[in-house]
């Protein structure tokens with residue numbers, strides 16, 4: 001018996017090596033789990049850390065950087081606006097705010113828009129708007145139905161509207177929210193009562209593992225809302241701004257919501273979100289929405305630059321073609337490594353793994369110079385820049401294959417109890 005034999009290494013020991021940067025995160029409150037690398041610059045689909053190592057980024061800030069890292073159109077828009085006016089105050093108009101609101105309404109067929117800082121804030125505002133409408137037009141109805149495994153943000157009302165995550169650590173939740181299975185029309189119909197004012201859904205459930213609504217389901221939800229006289233709210237924080245190959249994902253399904261929330265990609269990497277309302281849902285009065293930085297000129301100028309870019313001729317065609325190319329490549333890898341289902345639209349894809357190894361794959365990918373996101377223990381999410389090239393996709397697939405191989409080897413070694 002070898003008394004000096006060390007325990008078998010863990011999976012992390014076998015697939016991940018920490019960088020040499022010694023910058024400390026001790027002063028940060030714990031929030032999300034972050035790798036130790038410190039990133040200092042980015043361009044397009046690439047990031048560089050403080051050791052000047054390059055990483056191919058197929059997360060892009062969880063789909064926030066719609067045009068990639070530091071795109072020239074965004075740099076110019078922000079620089080020009082900074083020289084002119086940053087924030088005159090939310091009690092005053094500014095040109096960028098007015099222009100962005102007008103263009104969003106025109107391009108989405110909406111009647112009113114309001115600019116905020118984050119997707120969670122936009123969802124909060126949508127909840128307020130729906131409940132205000134319920135007071136005016138549905139006898140004080142206030143309940144909002146949303147889908148199991150949905151995620152609408154981490155503020156209190158948005159968290160209560162979500163299903164899953166850390167909500168149980170912050171009890172009690174806010175009342176007035178119920179969750180029903182996604183893609184299940186009969187369950188949704190059965191859950192509606194006299195106190196129901198709205199149905200809130202993601203066209204594609206991003207945090208659940210990129211689960212798309214079926215066309216039959218979403219059209220059925222729209223029809224149900226019309227028949228029962230309640231509002232349809234679509235949370236397009238992840239799916240909007242061209243992510244699915246059209247400006248809004250609702251266009252993919254041929255439906256029309258009463259209220260839409262936008263965020264993430266709208267700002268192209270800076271904090272910007274929007275609440276859109278149509279027809280009867282436009283019922284806010286002065287004093288019912290407010291925020292110190294809401295609609296500030298600097299962030300609105302970023303939104304205009306992003307909107308101009310995604311509406312350029314051929315841009316959506318590129319997203320569609322790149323999405324098909326990425327999906328085909330991921331399908332080949334999934335088959336080769338015996339992984340599971342691939343789901344998504346445009347440049348938003350989720351790959352189910354054969355076991356709960358997503359965290360290990362993300363770490364292995366980082367070792368290979370590839371940044372990925374794992375919304376679920378058995379799922380990888382791919383949200384590259386909408387400007388991603390086929391050569392970027394090819395390089396990503398090579399690095400992902402090496403990450404899969406690294407994890408597979410480490411798993412075999414751990415199962416055999418190999419020690420160093």
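Numbers for the structure displayed
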{"quantity": "Of all DSSP beta bridges in the chain, antiparallel share, percent nearest 5", "calculated": "60"}
{"quantity": "The stretch 72-310, relative contact order [Cα under 8 Å, separation at least 6], %", "calculated": "30"}
{"quantity": "Calculated [θ] (222 nm, deg cm²/dmol) that DSSP helices of n ≥ 4 give over the chain, each run adding -39,500 (n - 2.57)", "calculated": "-12000 deg cm²/dmol"}
{"quantity": "Residue 52 paired with residue 332, simple spin-label distance in nm, labels 7 Å along Cα-to-beta-carbon", "calculated": "3.4"}
{"quantity": "Identified option (computed Rg and Dmax of the Cα atoms in Å; candidates (1) 23.5, 79; (2) 26.0, 80; (3) 22.5, 79)", "calculated": "(3)"}
{"quantity": "Residue exposure sequence - 169, 278 - by fewest surrounding Cβ within 10 Å", "calculated": "169, 278"}
{"quantity": "Mean separation of Cα contacts under 8 Å (6+ apart) over length of the chain, as relative contact order %", "calculated": "23"}
{"quantity": "Full-stretch length increase - residue 148, residue 226 - with 0.36 nm per residue and alpha-carbon distance subtracted", "calculated": "25.9 nm"}
{"quantity": "Rg to Rh quotient for the stretch 72-310, alpha carbon positions, Kirkwood Rh", "calculated": "0.96"}
{"quantity": "Inter-label distance for residue 95 and residue 156, nm, one decimal - labels placed 7 Å from Cα along Cα-to-Cβ", "calculated": "4.1"}
{"quantity": "Protection proxy ranking, peptides 39-50, 377-388, 86-97, average beta carbon neighbours within 10 Å, highest first", "calculated": "377-388, 39-50, 86-97"}
{"quantity": "Ranking of 225, 414 by count of other Cβ atoms within 10 Å, fewest first", "calculated": "414, 225"}
{"quantity": "Overall form of the stretch 69-139 per C-alpha gyration tensor (a/c, 1.5; a/b vs b/c)", "calculated": "prolate"}
{"quantity": "DSSP beta bridges in the stretch 72-310 [antiparallel fraction, %, rounded to 5]", "calculated": "40"}
{"quantity": "353, 116 arranged by Cβ crowding within 10 Å, fewest neighbours leading", "calculated": "353, 116"}
{"quantity": "Highest-MSF residue in the chain out of 290, 317, 52 [GNM, Cα springs under 10 Å]", "calculated": "52"}
{"quantity": "Order by protection proxy (mean Cβ within 10 Å, highest first), peptides 255-267, 25-37, 318-330, 334-346", "calculated": "255-267, 318-330, 334-346, 25-37"}
{"quantity": "Inter-site label distance for residue 389 and residue 128 at 7 Å from Cα along Cβ, in nm", "calculated": "4.5"}
{"quantity": "Theoretical gain in end-to-end length, residue 315 to residue 187 [0.36 nm per residue, Cα-Cα removed]", "calculated": "42.2 nm"}
{"quantity": "Computed lengthening from residue 169 to residue 85, 0.36 nm per intervening residue step minus Cα-Cα distance", "calculated": "26.1 nm"}
{"quantity": "Centroid-to-centroid separation of the stretch 109-123 and the stretch 141-196 [C-alpha atoms, Å]", "calculated": "20"}
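Each reported figure results from applying straightforward, stated rules to the coordinates on display, with no laboratory input. Computed from a predicted structure; not experimentally measured. Quick reminder, even Gly has a Cβ in these numbers, built from the backbone with ideal geometry, and neighbours come from all protein chains shown.
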